[in-house]
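Working notes, beginning with the structure itself.
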Amino acid sequence: MSNQSNPSVLIFDSGVGGLSVYQEVKLLLPQVNCTYLFDNEAYPYGELSQEVLIHRVDMLISNYLAENPIDAVVIACNTASTIVLPTLRKKHTIPVIGVVPAIKPASTIANKAVGLIATPATITREYTKDLVRSFSSDTHVEMLGSTQLVEMAEAKLRGREVCIEVLAQILKPLIGNIDVAVLGCTHFPLIKEEIAQVLGNKVTLIDSGEAIARRVQSLLKLEPGNVYKERQAIWSSARPSDESALNYVLKELGFSPVQCLRFPGV
């Protein structure tokens, strides 16, 4: 257990998309010391078999927890959350928090239809279809799966501009057909402004970041505390691409430069 005046939370993703969740956690809970760990060696997770994904996530997180005091883990990846959470929760006593597409809140405010923007793996997963059946039976959900949007978000975090024309072509099936859009991948809030520009101001955008931050607050029973002012650690499983550009943005977000973390068996 870490210092409770500044509890420690490990945020995990395959890429940098989980930094959108990190931003929401720090906005609500500035006293938290967030460590970020991303498995870029195996990115993107949607292309891995279920067995390989469980092995990698379990080994990376379990090995990290064995050596570092952490109060809660956030799996900031839809693909990993739907597959790995039972394994992690069985092994660890600290809270392990996952992320799922915000279909439920979206369906309550939609008058026309909901657009689920996610990765191809997420929109084809049975778990996602169950969410739609359970919470949006009376509201049409138009699903759009795109890996290209993930790449756009990764590139933007490294200082490259998002091409609005290309983005508009990707989102074309949703334009004019929905009034609520669910950003069903943690990468997508990183390009939220550009998505809003394309879809128009009559479309409400929803993601899960704020809900995850509230869940961390609830499970750790956190009250307002001293702001954590030290640089936070960020680890990768392989050297990241455009590392200097990425580190420039990470510094603005409160992190030290990326460090490469290797564990045997991963």
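The values are calculated or read from the model by the stated rules, or taken from the named source; none is laboratory data. Predicted model, so just to flag it, every value in this text is computed and none were measured. Positions of Cβ are generated from backbone atoms using ideal geometry, with glycine treated the same way; all protein chains shown enter the neighbour counts. The area values use the complete protein model at the heavy-atom level, side chains included, leaving out ligands, DNA and RNA. Shrake-Rupley method; radii C 1.70, N 1.55, O 1.52, S 1.80 Å.
The stretch 111-146 and the stretch 212-266 have Cα centres lying 30 Å from one another. Using 0.36 nm per residue and subtracting the Cα-Cα separation, the extra length available between Met59 and Lys90 on full extension is 9.8 nm. Across the stretch 8-67, the mean sequence separation of Cα contacts (distance under 8 Å, 6 or more residues apart), normalised by length, yields a relative contact order of 37 percent.
Looking at the stretch 108-170 from every direction and averaging, what is the projected area of its Cα convex hull in nm²?
5.2 nm²
Element breakdown for the stretch 173-220 at a 1.4 angstrom probe: carbon and sulfur atoms account for 45% of the accessible area. When you count the other C-beta atoms within 10 angstrom of each residue and take the mean per peptide, 12-21, 102-111 line up highest first as 12-21, 102-111. FRET efficiency for the Arg231 to Asn177 pair, using the beta carbon distance and R₀ = 45 Å, is estimated at 0.50. The charge dipole of the chain, taken about its Cα centre with unit charges on the Cβ atoms of Lys, Arg (+1), Asp and Glu (-1) only, comes to about 440 debye.
Which label marks the calculated value of volume of the Cα convex hull per residue in Å³, given the options (i) 161; (ii) 190; (iii) 124? Recomputing volume of the Cα convex hull per residue in Å³ here gives the entry labelled (iii). Each peptide in 130-142, 75-87, 25-37, 219-231 receives the mean, over its residues, of other Cβ atoms within 10 Å, and ordering these scores from highest gives 75-87, 25-37, 130-142, 219-231.
Please give me the summed charge of the neighbours of Ala153: other residues whose Cβ is under 15 Å from its Cβ, Lys and Arg +1, Asp and Glu -1. Local charge sum for Ala153: -4. Taking all protein chains into account, the per residue accessible area for the stretch 145-266 stands at 53 Å² (1.4 Å probe). Accessible area per residue for the stretch 1-134, computed on protein heavy atoms with a 1.4 Å probe, is 39 Å². Pairs of lysines in the chain whose Cα atoms sit within less than 18 Å of one another amount to 13, provided the residues are eight or more positions apart or on different chains.
In this structure the amide hydrogen of Phe255, modeled in the peptide plane, comes within under 5 Å of the amide hydrogens of Gln232, none closer than 5 places in sequence on its chain.
Look at the alpha carbon pairs under 8 Å that are at least 6 residues apart: their mean separation over the length of the stretch 195-263 gives a relative contact order of 29 percent.
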